[in-house]
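Right, one structure below, let's go through it.
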Amino acid sequence: MIESHISLLLVVIPLLAAPVTALLPGVRLPWLTALLVSWVCFALAIWQFALVMDGSVISYELGGWAPPWGIEYRIDIVNAFVALIVAGMAAITLPYALRSVEQEIPKHQIPLFYSMFLLCMDGLLGITLTGDIFNLFVFLEISSLSSYTLISMGRQRRALTAAYQYLIMGTIGATFLLIGIGLIYAETGTLNMADLSNRLPAVFSHHTVHTAFAFIVVGVALKLAMFPLHLWLPNAYTYAPSAITVFLAATATKVAVYVMLRVVFTVFSTGFTSDTPTDDMFLLLGVLGVLVASFYAIYQGDAKRLLAYSSVAQIGYILLGIGFASALGVTAAVVHIFNHALMKGALFMAVGALVYRIGSSHITQFSGVGRQMPWTFGALVLGGLSLIGVPGTAGFISKWYLVLAAIEQQAWLIAAVILVGSLLAVVYVWKMVEVLYFRPASDTGETYREAPLSLLVPTWLLVIANIYFGLNADLTVGAATTAVQVLGGIPQ
Amino acid sequence: MTIVLLLSISVVVAAAVYLMLSRDLFRVVIGLTLLGAGTNLVVFAAGRFASVTPPLLETADDAAAAAAANPLVQALVLTAIVISFALLCFSLVLGARLRSAANSDDTHSLQSAEPPATDAVKPAEIKP
């Protein structure tokens, strides 16, 4: 009974729980509700992933209206994988959130915070699971509106500015997506993505379709912070509450990348994009993103901001994988979606733990703290190694596949850029490590205790996952390989 | 009728772009809303819009009358209007909070959110 409704339950449970959470009194009760919901969703997401792991497809007709007329939830391994990341990160962020949120957010806003958190998770899950492109737009707006709210709840005044910047950029992105959807509907008369992929080839030569494609790609690129459309991201990640930075960094841009994969490969297919400069654009902007954002990261004085710029660079790697438009390249992109969620989750959690004790994310305040908070420091170092792509960590697996894809296409320059990007990552990770461990503690005489266990345990779970998926890549690479076949439209 | 719709979309989008390039916090928000309205008109144009024939099916037919407007786009536009209304409310509240916090509604003065760049590798010295 549950099995046939999993995909719907994943969206309906958080949606119903969100307003209930907002009404609950106190601090612990809303948190407990959110935690319970996220764990149930995680369990359902694992179950759903197991069902489609062999490459099969679940089609759920909403309200019994058969596709392509009704809204269809269409689950294959690609979106089950992304849904697993979203639900998993929510399930691991919420235990972390309790102490961190109690410190950062006024008590009366806490039920609203968890309610928004659930709505944000719901929006992201909805985007991944739906097979209807207008429904995707609606969920995109749900997740966007709730993330603007969550970012504006940050402690500093600048959180409001960051939320405002994200609001303007995000809304322009969503509006572009809507224009694109309107135009392809005018051309094909359908909104179902599987149906679109059948009907679009007949009208590929029409200018309306080209316009629609451009609008959709630019709109989604704004949401996934593709260089040079990333300007909202550093501020949003820097000033959002720590737990929200962890969750958004690990999921929001990843879901947007998923939408890009879906649009480029499933809805339009390489048959369309090979006639357009799309691939070259992704490669060029990917290379620029990796180099420029990594340089920016080196110059940042704020640890959260540094990691935010590093996220823009990592999105550059994913775009390179999409730009190769080969089986190996897209495998690398899908693997990196997962691995980057793990490493950025771990790193932002470690920095959040430092912020919890020190009260600032500015690197100058970190002098010598690494020796006083060894476990947090250890997590930061291991997460950093994964970010650099040291063998034995998850980051290595995705970079390895990306370099293989570059070599396969004899794109030596791009392979070199990937290596240079890793070297730049060494510099900015070292910048934090040096201050934390090798600088003398500040002479104010203040010592900091190790972060509380509720912050350390989720951080270390992610660190261990980083190492586990670095040593045993069967699950991630296996899923990504099947995903590439299921996405369709990619020459094998 | 097509010309009227075309002109109104152009005017609305031009006004939206003009307002969004302004430095005033609230003008940008209004511009954003107008852009949403312009988009809704574009989507609305995807169905037939000058029709008075109801999109009803007779029991024997399998398609609505040829002259009928597509009701689906109208449903889509309605959804988009609801979303943009929620967005407008939220952005106005955010703008008001921002103005009272920053004591300014000039978007340029909000750039104080950008911290100055520091020396690479070596962080700035700790000030006592």
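Laid out as a table, the results:
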{"quantity": "Residue list for segment A:328-375, filter: among the polar types (S, T, N, Q) and under 19 Å from A:Glu104 (Cα atoms)", "calculated": "A:Ser360, A:Ser361, A:Gln365"}
{"quantity": "Check on A:Ala473, open to solvent by 10 Å² or more (accessible area, probe 1.4 Å) and either at positive phi or in contact (Cβ under 8 Å) with a residue 40 or more places away in the chain (or both)", "calculated": "yes"}
{"quantity": "Residue within segment B:99-106 that is over 29 Å from A:Pro68 (Cα atoms), facing chain A (nearest Cβ under 9 Å), modelled with pLDDT of 70 or more and in contact with an Asp or Glu (Cβ under 8 Å, 6 or more places away or on another chain) present", "calculated": "no"}
{"quantity": "Only listed residue being farther than 25 Å from A:Asp302 by Cβ, open to solvent by 10 Å² or more (accessible area, probe 1.4 Å), modelled with pLDDT of 90 or more and of a type in the set (A, V, I, L, M), chosen from A:Ala186, A:Ala252, A:Ala214, A:Ala194", "calculated": "A:Ala214"}
{"quantity": "Single residue of segment A:173-182 satisfying the filter (in contact with a Gly (Cβ under 8 Å, 6 or more places away or on another chain) and more than 7 Å from chain B (Cβ to nearest Cβ)) that is most open to solvent (accessible area, probe 1.4 Å)", "calculated": "A:Phe176"}
{"quantity": "Pair list, Cβ under 9 Å, 6 or more apart: segment A:410-432 residue within 11 Å of chain B (Cβ to nearest Cβ) and touching a residue at least 12 places away in the same chain (Cβ under 8 Å), other residue in a helix (DSSP H, G or I) and open to solvent by 60 Å² or more (accessible area, probe 1.4 Å)", "calculated": "A:Leu424/A:Phe295"}
{"quantity": "Of the criteria (1) over 23 Å from A:Val292 (Cα atoms); (2) touching a Ser or Thr at 6+ places or on another chain (Cβ under 7 Å); (3) not aliphatic (A, V, I, L, M), which one A:Gly395 fails", "calculated": "(1)"}
{"quantity": "Of all residues making up segment A:406-434, the number that are under 25 Å from the mean Cα position of the chain (by Cα), among the aromatic types (Phe, Trp, Tyr) and farther than 30 Å from A:Trp375 by Cβ", "calculated": "0"}
{"quantity": "Single residue of A:Leu461, A:Leu423, A:Leu456 found to be assigned to a helix (DSSP H, G or I) and within 20 Å of A:Ser361 (Cβ to Cβ)", "calculated": "A:Leu456"}
{"quantity": "Of all residues making up segment A:110-153, the number that are of a type outside the set (A, V, I, L, M, F, W, C) and part of a loop (DSSP other than H, G, I, E, B)", "calculated": "1"}
{"quantity": "Qualifying residue in segment A:435-444 (condition: in a helix (DSSP H, G or I) and under 22 Å from the mean Cα position of the chain (by Cα))", "calculated": "no"}
{"quantity": "Segment A:433-455: number of residues that are open to solvent by less than 60 Å² (accessible area, probe 1.4 Å) and within 12 Å of chain B (Cβ to nearest Cβ)", "calculated": "7"}
{"quantity": "Odd one out for A:Val78 among (1) farther than 30 Å from A:Gly359 by Cα; (2) open to solvent by 10 Å² or more (accessible area, probe 1.4 Å); (3) in a helix (DSSP H, G or I)", "calculated": "(2)"}
{"quantity": "Residues satisfying the stated conditions in segment A:36-67, i.e. open to solvent by 30 Å² or more (accessible area, probe 1.4 Å), among the aliphatic types (A, V, I, L, M) and either part of a helix (DSSP H, G or I) or touching a helix residue (DSSP H, G or I) at 6+ places or on another chain (Cβ under 7 Å) (or both)", "calculated": "A:Leu36, A:Val40, A:Ala43, A:Ile46, A:Ala50, A:Leu51, A:Met53, A:Ile58, A:Leu62"}
{"quantity": "Qualifying residue in segment A:408-416 (condition: open to solvent by less than 30 Å² (accessible area, probe 1.4 Å) and β-branched (Val, Ile, Thr))", "calculated": "yes"}
{"quantity": "Check on A:Ile168, part of a helix (DSSP H, G or I) and either buried (at least 23 other Cβ atoms within 10 Å of the Cβ) or polar (S, T, N, Q) (or both)", "calculated": "no"}
{"quantity": "Close pairs (7 angstrom Cβ cut-off, 6 or more residues apart or separate chains): facing another protein chain (nearest Cβ under 9 Å) and over 13 Å from A:Ile181 (Cβ atoms) in segment A:132-150, aliphatic (A, V, I, L, M) and open to solvent by less than 10 Å² (accessible area, probe 1.4 Å) anywhere", "calculated": "A:Ser144/A:Ala174; A:Tyr148/A:Ala163; A:Tyr148/A:Leu167"}
{"quantity": "B:Leu21 vs. criteria more than 11 Å from chain A (Cβ to nearest Cβ), modelled with pLDDT of 85 or more, open to solvent by 60 Å² or more (accessible area, probe 1.4 Å) and under 15 Å from the mean Cα position of the chain (by Cα)", "calculated": "yes"}
{"quantity": "Which numbered condition A:Gly70 misses (of (1) open to solvent by 20 Å² or more (accessible area, probe 1.4 Å); (2) closer than 23 Å to A:Gly488 by Cβ; (3) modelled with pLDDT under 90)", "calculated": "(1)"}
{"quantity": "Where a residue in segment A:166-189 is without any contact (Cβ under 8 Å) to a residue 60 or more places away in the chain and its partner, wherever it lies, is of a type in the set (Lys, Arg), with Cβ under 9 Å and at least six apart", "calculated": "A:Gly173/A:Lys223; A:Ala174/A:Lys223; A:Leu177/A:Lys223; A:Glu187/A:Arg199; A:Thr188/A:Arg199; A:Gly189/A:Arg199"}
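Yes/no per residue for (1) more than 30 Å from A:Tyr60 (Cα to Cα); (2) within 14 Å of chain B (Cβ to nearest Cβ); (3) part of a helix (DSSP H, G or I):
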{"residue": "A:Ile184", "(1), (2), (3)": "no, yes, yes"}
{"residue": "A:Thr211", "(1), (2), (3)": "yes, yes, yes"}
{"residue": "A:Phe227", "(1), (2), (3)": "yes, no, no"}
{"residue": "A:Thr245", "(1), (2), (3)": "yes, no, yes"}
{"residue": "A:Val263", "(1), (2), (3)": "no, no, yes"}
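The values are calculated or read from the model by the stated rules, or taken from the named source; none is laboratory data. The shown structure was predicted, so the numbers you read here are calculated from the model rather than taken from an experiment. Note that each Cβ is placed from the backbone with ideal geometry, even for glycine, and that neighbours are counted across all protein chains shown. Remember, those area values only see protein heavy atoms, side chains included, never the ligands or the DNA or RNA. Shrake-Rupley method; radii C 1.70, N 1.55, O 1.52, S 1.80 Å.
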